[in-house]
């Protein structure tokens, strides 16, 4: 190679080396990683975040049938975020509730979780497994205090250091109660029961008139825990403690709760073949005037307004869950499985921005106004127009845990509930089976 060309090459190479060194000096230091709770296993290092200006696709996943693109207020919410973040595209993935948990379980096993999603009963498991973020690293205490206590408690999990982690944020609140058909009750000269014994006493009269006393369906095995777990609380049990520790499921409070469930079932209080009746069919039995009362939650009044016959929609009213005794609290299920979880990964920063946007005052109020569901944040209660939902919101102090997040708890209780309803397990055996199943799951 000629000397002149060689000198030119050397000069270029030298300049490139100098430029590379200057670039290295100018590069900012990487931000320190957020400290993980001692109880959680070390998570894999997430893939690199998208470069600035690069297009980002966020998948948001849930089971709410009114949160689809054809719903104007929800589409406006999603498109509003895209407008604030050019280059971001949101994919809205609605999965019917009956298919949601199997889908989420499969996604988790295959490391295919969406970016933002309802955590269902896996919120604690995914967070403790290092697959989702801890919101305590994102928001301050003032933000968390902006929620009703019951719904927030559902997603606040103890850790080994004596503190707590928050792996999901409640999108809505829930409260279960008794939806009363006044025409049937007046026809039979009855009032809503204050106690479970009163319900059992009136069941034969309601049956003789050709009606179901208290209808609900358990085909998906999801409603019985909602019904049963507050009975544990009514009997003095601490569901949250048992769920987290995995201990105490065979204790006296649980046995007594199963005994009451069994007593109600054997008295003909519930619909025939309850384990083969899905939740929506249970609603429709009530809507069609074939049940004196319906056991369901605070999200159903909106469905009643839109789908029930006018005679039912204009006349039904809501009453508190019966109690063990007239002077005792009417404990009932509160909280919500509708908790937004953010997956750790390359899109997590933008996913966090989406969650912040969803809980901003303007957007959250738009959601409550459009959905007419029970808000998880008191500041949005003035957007609720349905008087039944407003009334049920005032019962939140009597709310108790009814969604299980501990490893193995949900399946164990769901299976035992189903068996007590159909008479294949005695109450004491059901409690022992729950403890046995939870132990087996946690020992794997």
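So which of 187, 201 is more than 25 Å from residue 232 (Cα to Cα), out of contact with any strand residue (DSSP E or B) (no Cβ under 8 Å at 6 or more places or on another chain) and either crowded, with 18+ Cβ neighbours inside 10 Å or modelled with pLDDT of 95 or more (or both)?
Values: 201 fails: more than 25 Å from residue 232 (Cα to Cα).
Of the residues listed, the single one that is more than 25 Å from residue 232 (Cα to Cα), out of contact with any strand residue (DSSP E or B) (no Cβ under 8 Å at 6 or more places or on another chain) and either crowded, with 18+ Cβ neighbours inside 10 Å or modelled with pLDDT of 95 or more (or both) is 187.
The residue list 32, 46, 41, 37 contains one member that is over 28 Å from the mean Cα position of the chain (by Cα), at pLDDT below 50 and under 30 Å from residue 160 (Cβ atoms), which is 32. A single entry from 256, 356 fulfils the requirement of being surrounded by fewer than 18 Cβ atoms within 10 Å (Cβ to Cβ) and either touching a residue at least 12 places away in the same chain (Cβ under 8 Å) or not in a loop (DSSP other than H, G, I, E, B) (or both): 356.
Screening segment 318-349 for residues that are in a strand (DSSP E or B) and within 19 Å of the chain's Cα centre (by Cα) and picking the one that is farthest from residue 61 (Cα to Cα) gives 332.
With respect to residue 407, is the statement that it is in the same structural domain as residue 256 (by TED's automatic domain parsing), under 22 Å from residue 342 (Cα atoms) and either crowded, with 17+ Cβ neighbours inside 10 Å or more than 20 Å from the chain's Cα centre (by Cα) (or both) true? Spell out how you get there, then give the answer.
Values: in the same structural domain as residue 256 (by TED's automatic domain parsing): yes; under 22 Å from residue 342 (Cα atoms): yes; either crowded, with 17+ Cβ neighbours inside 10 Å or more than 20 Å from the chain's Cα centre (by Cα) (or both): yes.
It is true that residue 407 is in the same structural domain as residue 256 (by TED's automatic domain parsing), under 22 Å from residue 342 (Cα atoms) and either crowded, with 17+ Cβ neighbours inside 10 Å or more than 20 Å from the chain's Cα centre (by Cα) (or both).
When residue 202 is tested against (1) assigned to a helix (DSSP H, G or I); (2) farther than 27 Å from residue 281 by Cβ, only condition (2) is not met.
Taking helices (runs of 4 or more DSSP H) that do not extend beyond segment 59-157, which have at least 2 residues that are under 15 Å from residue 353 (Cα atoms) and touching a helix residue (DSSP H, G or I) at 6+ places or on another chain (Cβ under 9 Å)?
Values: elements: 72-84, 97-109, 123-128, 141-144, 149-153.
In segment 59-157, 72-84 are the helices (runs of 4 or more DSSP H) which contain 2 or more residues that are under 15 Å from residue 353 (Cα atoms) and touching a helix residue (DSSP H, G or I) at 6+ places or on another chain (Cβ under 9 Å).
Of the residues 298, 376, the single one that is assigned by TED's automatic domain parsing to the domain that holds residue 240, within 30 Å of residue 108 (Cβ to Cβ) and under 23 Å from the mean Cα position of the chain (by Cα) is 298.
For segment 214-223, the criterion of being part of a loop (DSSP other than H, G, I, E, B), in contact with a strand residue (DSSP E or B) (Cβ under 6 Å, 6 or more places away or on another chain) and touching a residue at least 60 places away in the same chain (Cβ under 8 Å) is met by at least one residue.
The requirement of being at pLDDT 95 or above, in contact with a helix residue (DSSP H, G or I) (Cβ under 6 Å, 6 or more places away or on another chain) and closer than 30 Å to residue 115 by Cα is satisfied by residue 246. Looking only at segment 402-444, which residues are over 28 Å from residue 272 (Cα atoms), in contact (Cβ under 8 Å) with a residue 12 or more places away in the chain and not in a helix (DSSP H, G or I)? Across segment 402-444, the qualifying residues are 405, 406, 407, 408. Determine if segment 274-297 includes at least one residue that is part of a loop (DSSP other than H, G, I, E, B), surrounded by 23 or more Cβ atoms within 10 Å (Cβ to Cβ) and in contact (Cβ under 8 Å) with a residue 60 or more places away in the chain. No: zero hits.
The values are calculated or read from the model by the stated rules, or taken from the named source; none is laboratory data. All values reported here derive from a predicted model rather than from experimental measurement. For neighbour counting, all protein chains shown are included, and Cβ atoms are generated from backbone atoms with ideal geometry for every residue, glycine included.
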